[in-house]
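In what follows, a single structure is set out as structure tokens and then discussed.
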Amino acid sequence: PPPFRWLERWSLNHAAGAYTCNSEAGQILRNKGLRGKWVLLPLGVDIGRFQPVDHPPPCDSLRVGFVGRLIRHKGVDVLLEAVALDDRIRVDVYGAGPEAEGLAALAGRLGIVDRVTFHGHIDEENIPAVYPEFDVLAVPSVPLPGWIEQFGRVVVEAQASGVPVVASASGALPDVVGGHGLLVPPSDPSAL
């Protein structure tokens with residue numbers, strides 16, 4: 001709202017440049033009036049904390065992981081619906097949030113309670129030990145009015161840990177995943 005919009009427009013019109021961690025954010029700045037140079041500078045990952053671990057290929061089942069807040073736009077409901085489509089998939093959900101109870105109920109309605117484990121909140125220092133447990137990390141983010149995935153830190157952490165990633169082709173995720181993972185349409189359990 002005014003006067004913030006006016007200050008933002010003036011600042012972007014007079015800025016010599018800006019850097020963003022994804023292409024979409026750069027386009028938003030351009031659309032809002034950035035005239036200066038724009039540089040894409042992706043966020044990094046601490047490769048001292050996140051390192052590949054020898055992981056045997058999956059045999060009879062696929063262990064899919066999710067790490068993040070249990071909120072609507074993270075798409076965990078889409079992940080659970082995808083799990084219900086294939087009996088070979090098991091999922092480990094690490095995170096907490098207001099959707100936790102509803103997601104547990106959804107797992108019950110879908111008949112997949114025996115293949116879904118909700119681990120709850122995980123402290124930041126323990127996250128590097130979680131990724132090697134997965135055959136693949138799912139990042140099924142769903143764009144909503146007023147929100148779109150801006151980075152997806154879990155993608156680069158999993159990749160640095162040697163874990164393949166499947167993510168929604170939404171927001172910054174195509175930039176972050178790059179050619180090193182699989183992108184699927186958002187909100188599409190079959191594609192996921």
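Largest GNM mean-square fluctuation among ALA158, ALA138, ALA105, using the chain with Cα springs under 10 Å: ALA105.
In percent, what relative contact order does region 73-118 have, based on Cα pairs under 8 Å that are 6 or more apart in sequence? Don't skip to the end; give the middle numbers.
On the way: 32 pairs, mean separation 22.2, N = 46.
The value is 48 percent.
To the nearest ten degrees, helix 4-14 and the longest principal axis of the Cα atoms of the chain are 70 degrees apart.
Taking amide H atoms as placed 1.01 Å from N in the peptide plane, the amide H of LEU183 lies under 5 Å from those of ALA167, each 5 or more residues away in sequence or on another chain.
Along region 187-192 the Karplus relation, 6.51 cos²θ - 1.76 cosθ + 1.60 evaluated at θ = phi - 60°, assigns HN-Hα couplings of 6, 10, x, 5, 5, 5 Hz to successive residues, with x for each Gly and Pro.
Each residue of region 39-45 was assigned a 3J(HN,Hα) from its phi angle through the Karplus curve 6.51 cos²θ - 1.76 cosθ + 1.60 (θ = phi - 60°); the sequence is 10, 8, 9, x, 5, x, 9 Hz, with glycine and proline shown as x.
In the complete set of protein chains, residue-level accessible area for GLU125 is approximately 130 Å², probe 1.4 angstrom.
Starting from the residue with the highest accessible area, list LEU103, LEU7 in decreasing order, probe 1.4 Å. Before the final figure, lay out the partial values.
Numbers: LEU103 15, LEU7 105 Å².
From most accessible down to least: LEU7, LEU103.
Compared with the dominant Cα axis of the chain, that is its longest principal axis, helix 100-110 is turned about 50°. Under 5 Å from the amide H of ALA18 lie the amide H atoms of LYS37, TRP38, VAL39, each residue being 5 or more positions distant or on a separate chain, with H modelled from the backbone and absent for Pro and chain starts. Taking the Cα centroid of region 128-192 and of region 1-50, what is the distance between the two, rounded to the nearest whole Å? Centre-to-centre distance over Cα atoms comes out at 22 Å. Only bridges with both residues in the chain count here: give the DSSP antiparallel percent, nearest 5. Bridges in the chain that DSSP calls antiparallel: roughly 5 percent. Taking the chain as a Gaussian network of alpha-carbon nodes connected by springs under 10 Å, the highest mean-square fluctuation of the residues ASP77, ASP175, ASP87 belongs to ASP87. Gaussian network model of the chain, Cα springs within a sub-10 Å range: biggest mean-square fluctuation belongs to which of TYR131, TYR19, TYR94? Its mean-square fluctuation being the largest, the pick is TYR19.
Run the numbers for GLU125 and ALA104: contour at 0.36 nm per residue of separation, minus the present Cα-Cα distance, in nm. Before the final figure, lay out each step's value.
Numbers: separation 21, 0.36 × 21 = 7.56 nm, distance 2.56 nm.
Residue separation times 0.36 nm, minus the Cα-Cα distance, leaves 5.0 nm.
The values are calculated or read from the model by the stated rules, or taken from the named source; none is laboratory data. Owing to the predicted nature of the structure, the values given are computational and were not obtained by experimental measurement. These accessible areas exclude ligands, DNA and RNA; they are computed on the full protein's heavy atoms, side chains included. Shrake-Rupley method; radii C 1.70, N 1.55, O 1.52, S 1.80 Å.
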